[in-house]
Amino acid sequence: MKKILKTKLPELWQKISDDFDLFLPIEKSKTLNFSLWKEDEKVNLNKVRTNTSPKHLVFPQTETYLKFKNQNNRLSLKAVKAKGDEYVIFGVRACDVKSFKLLDNIFLRDPIDTYYKEHRDRGTIISLACTNPEETCFCSSFGTDAASAPKGADIAAWDIGNFYIWKPQSKKGQNLMETTKEFFIEIDEKDVKNLENEKNNIQEKLDDLPFNKLNLSKIKGTQQEIFDREDIWNEFSERCLACGACSYLCPTCHCYDLCDYKGNDQGEKFRCWDSCMSSDFTLMAHGNPRTTQMQRLRQRFMHKLVYYPKNHQGEYSCVGCGRCVDKCPVHIDIVKIIKKLGGENNEL
């Protein structure tokens with residue numbers, strides 16, 4: 001482990017950006033998102049949660065696969081390769097680091113999604129421990145440790161007053177720290193003690209969060225029995241606006257649609273994010289298999305809490321980031337669903 005003074009960060013960003021695309025939590029119009037760093041950008045590493053997750057770096061919101069052209073009644077096809085340069089992303093919280101693993105379970109299983117793999121392989125992830133978690137965070141309930149070094153991060157970092165401590169966890173992380181070694185200094189026993197104190201302080205804050213002790217073990221019953229709890233699904237769906245905000249903000253949602261764009265004699269085939277909350281999601285020639293909002297809302301939460309863990313060794317498709325809690329305009333979120341399915345009579 002080594003440390004870097006906060007005053008040295010702008011120089012470090014410049015050095016990294018000479019060789020990589022550098023993505024940081026950047027504030028624009030009072031909204032914080034992971035964006036490409038440029039000089040004079042307003043970087044905010046103090047706020048825990050960005051508006052959207054960094055999912056778009058490995059799973060772009062739109063991506064073209066194929067271009068086609070008709071010349072003299074002859075159709076030519078051209079495959080489009082995944083675009084992008086090697087990149088570094090700094091400030092990824094433990095929940096979002098874990099979300100990459102959950103996406104890997106989908107896109108890197110056979111048959112491997114080669115576009116996703118290329119985006120994933122190009123990236124170096126630097127996590128940042130959550131010094132001040134927000135009240136709507138509940139990552140601990142899903143086994144995420146926001147205080148320590150999360151698995152999946154190439155480098156783990158902690159904010160320790162006037163400096164950050166960096167710990168490489170992979171070959172990528174070691175290489176990056178080696179190429180920027182002039183910015184780092186060795187840590188001493190006092191730094192190690194301060195780091196342990198910081199981890200303990202973060203854990204105490206996590207333990208005090210209102211949603212920290214969600215009890216998923218209370219969700220009992222077979223898949224069919226949970227599916228048939230129409231009293232719960234109806235209660236929530238009656239308020240749902242089907243806006244899809246929960247899907248698009250969620251770091252683990254991975255549904256997409258394949259579309260064609262045609263203009264004159266040429267066009268392209270591309271994929272774009274989709275939401276199971278939409279009335280035309282999985283629309284087929286004979287119609288939509290889920291014709292009501294109740295069925296669509298049920299599908300979303302059944303996948304998160306039942307289908308995904310059934311197919312992935314009990315791992316839920318949620319990381320407790322709290323974005324759905326924070327952003328749903330009618331206050332429907334996975335926390336309330338879990339409590340209802342667990343027998344709690346919480347109000348909507």
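The values are calculated or read from the model by the stated rules, or taken from the named source; none is laboratory data. Since this is a predicted model, take the numbers as computed values, not measurements. All Cβ positions, glycine included, derive from the backbone under ideal geometry; neighbour counts span all protein chains shown.
Tally the residues that are under 20 Å from residue 322 (Cβ atoms) and among the hydroxyl-bearing types (Ser, Thr, Tyr), restricting the search to segment 18-60.
Residues in segment 18-60 being under 20 Å from residue 322 (Cβ atoms) and among the hydroxyl-bearing types (Ser, Thr, Tyr): 4 in total.
Can you tell me which residue is farthest from residue 208 (Cα to Cα) among those in segment 150-162 that are of a type in the set (A, V, I, L, M, F, W, C) and surrounded by 20 or more Cβ atoms within 10 Å (Cβ to Cβ)? Restricting to residues being of a type in the set (A, V, I, L, M, F, W, C) and surrounded by 20 or more Cβ atoms within 10 Å (Cβ to Cβ), the top hit is 155. Mind checking whether some residue in segment 180-189 is assigned to a helix (DSSP H, G or I) and under 21 Å from residue 54 (Cα atoms)? Checking segment 180-189: not a single residue is assigned to a helix (DSSP H, G or I) and under 21 Å from residue 54 (Cα atoms). When we screen 38, 15, 55 for residues that are surrounded by fewer than 13 Cβ atoms within 10 Å (Cβ to Cβ) and not in a strand (DSSP E or B), the only hit is 38. Considering only segment 82-90, I want to know if a residue exists there that is surrounded by 18 or more Cβ atoms within 10 Å (Cβ to Cβ), of a type outside the set (S, T, N, Q), touching a strand residue (DSSP E or B) at 6+ places or on another chain (Cβ under 6 Å) and part of a loop (DSSP other than H, G, I, E, B). Within segment 82-90, not a single residue is surrounded by 18 or more Cβ atoms within 10 Å (Cβ to Cβ), of a type outside the set (S, T, N, Q), touching a strand residue (DSSP E or B) at 6+ places or on another chain (Cβ under 6 Å) and part of a loop (DSSP other than H, G, I, E, B). Reported count of residues in segment 240-249, each being in contact with a helix residue (DSSP H, G or I) (Cβ under 8 Å, 6 or more places away or on another chain), assigned to a loop (DSSP other than H, G, I, E, B) and closer than 27 Å to residue 315 by Cβ, is 1.
Filtered by the rule that a residue be buried (at least 20 other Cβ atoms within 10 Å of the Cβ) and either part of a helix (DSSP H, G or I) or among the aromatic types (Phe, Trp, Tyr) (or both), segment 116-127 gives 116, 119.
Annotation: of all residues in segment 250-303 being part of a strand (DSSP E or B) and touching a Ser or Thr at 6+ places or on another chain (Cβ under 6 Å), the one that is nearest to residue 76 (Cα to Cα) is 268.
Scanning segment 305-324 for residues that are over 16 Å from residue 99 (Cβ atoms) and either part of a loop (DSSP other than H, G, I, E, B) or β-branched (Val, Ile, Thr) (or both) yields 306, 313, 314.
This table checks each residue for (1) closer than 30 Å to residue 145 by Cα; (2) not small (Gly, Ala, Ser).
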{"site": "259", "(1), (2)": "no, yes"}
{"site": "272", "(1), (2)": "no, yes"}
{"site": "280", "(1), (2)": "no, yes"}
{"site": "292", "(1), (2)": "no, yes"}
{"site": "297", "(1), (2)": "yes, yes"}
{"site": "309", "(1), (2)": "yes, yes"}
{"site": "317", "(1), (2)": "yes, no"}
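Of all residues being of a type in the set (A, V, I, L, M) and in contact with a helix residue (DSSP H, G or I) (Cβ under 7 Å, 6 or more places away or on another chain) in segment 128-149, which is surrounded by the most Cβ atoms within 10 Å (Cβ to Cβ)? Just the residue, please. The residue in question is 146. For segment 120-127, the count of residues that are closer than 23 Å to residue 95 by Cα, among the basic types (Lys, Arg) and either in contact with a Leu (Cβ under 8 Å, 6 or more places away or on another chain) or free of Cβ contacts under 8 Å to residues at least 40 places away in the same chain (or both) is at least one. What's the total number of residues in segment 18-35 that are exposed (fewer than 13 other Cβ atoms within 10 Å of the Cβ) and within 19 Å of residue 86 (Cα to Cα)? Total meeting the criteria: 1.
Quick grid of which residues meet (1) assigned by TED's automatic domain parsing to the domain that holds residue 326; (2) closer than 16 Å to residue 323 by Cα; (3) over 28 Å from the mean Cα position of the chain (by Cα); (4) surrounded by 12 or more Cβ atoms within 10 Å (Cβ to Cβ):
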site: 225; (1), (2), (3), (4): yes, no, yes, no
site: 250; (1), (2), (3), (4): yes, yes, no, yes
site: 256; (1), (2), (3), (4): yes, no, no, yes
site: 260; (1), (2), (3), (4): yes, no, no, no
site: 267; (1), (2), (3), (4): yes, no, yes, yes
